[in-house]
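Worksheet: one structure, shown below.
The values are calculated or read from the model by the stated rules, or taken from the named source; none is laboratory data. Quick caveat: nothing in here was measured; it's all calculated off a predicted structure. Glycine also receives a Cβ, built like all others from the backbone with ideal geometry; neighbour counts cover every protein chain displayed.
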Amino acid sequence: MKSFRVFLFVIFVVVAGGWSQATDFEGPTEQLKPALDNLIVIIEDESLKGPDHKTKRRTLIMKEISNGFDFREMSRRVLGRTWNKITPEQQDYFVVQMTKLLENVYVGKLETYTGQTVEFVEERIKGNRAQVTTLIEDEGVKLPVHYIMQKTGNKWMVYDINIEGVSLIRNYTEQFRSILKQKDYEGLIKIIEEKNLSFQESNES
């Protein structure tokens, strides 16, 4: 489905890179606009393509993504009330495993990038929260994509993305809620660990 392919693209391309130079005078849109540059360079770098460079390429990609995506806020939201029931150590570990899951699920899809363009059309700010709306053009079709952000220090960080009514956080929240109804937190984290391990074994084979 085209919208899903674009969803993969915007999650791990548009939300990363270009954040380290932020100043107090830059709003969410100004910090989001240069986001494509660093990752596009990595994706299109011929010297990083191919299976022999997979590890290096992924490391560079995740470094850029981590600069602009608030994985801890996202992890807190997808766990909901369960987040407050686990220890700080468990919270830290969940963030690590959740970040790894997103990396495993989505980063490999970055190679589907074929020059989609981004048009920034609207910015809404309320306190330390913001929504930046863009239009992603793919094969002549423009799809609205909303970036949900919060301000941390002088940086606006993305913690959710919504495309065609599909929220990344809501998607995982529903999946995890279903699991937590049958299992406790330990059961959920075990499933995530096993999922990440299966990705690792698949990559090594």
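Annotations for the structure displayed:
- Residue within the stretch 144-151 that is surrounded by 13 or more Cβ atoms within 10 Å (Cβ to Cβ) and either part of a helix (DSSP H, G or I) or among the polar types (S, T, N, Q) (or both) present: yes
- In the stretch 55-84, the residues that are under 19 Å from ILE192 (Cα atoms), among the charged types (D, E, K, R) and in contact with a helix residue (DSSP H, G or I) (Cβ under 7 Å, 6 or more places away or on another chain): ARG72, ARG76, ARG77
- Qualifying residue in the stretch 47-67 (condition: closer than 25 Å to ARG124 by Cβ, within 15 Å of the chain's Cα centre (by Cα) and assigned to a helix (DSSP H, G or I)): yes
- Selection count where residues are without any contact (Cβ under 8 Å) to a residue 12 or more places away in the chain and surrounded by 11 or more Cβ atoms within 10 Å (Cβ to Cβ), scope the stretch 179-188: 3
- Residue within the stretch 105-121 that is of a type in the set (Lys, Arg) and touching a Lys or Arg at 6+ places or on another chain (Cβ under 9 Å) present: yes
- Within the stretch 162-178, considering residues that are among the charged types (D, E, K, R) and modelled with pLDDT of 90 or more, the one surrounded by the fewest Cβ atoms within 10 Å (Cβ to Cβ): GLU174
- Index of the failed condition, ASP160 passing every other in (1) free of Cβ contacts under 8 Å to residues at least 40 places away in the same chain; (2) among the charged types (D, E, K, R); (3) assigned to a strand (DSSP E or B); (4) under 19 Å from SER75 (Cα atoms): (1)
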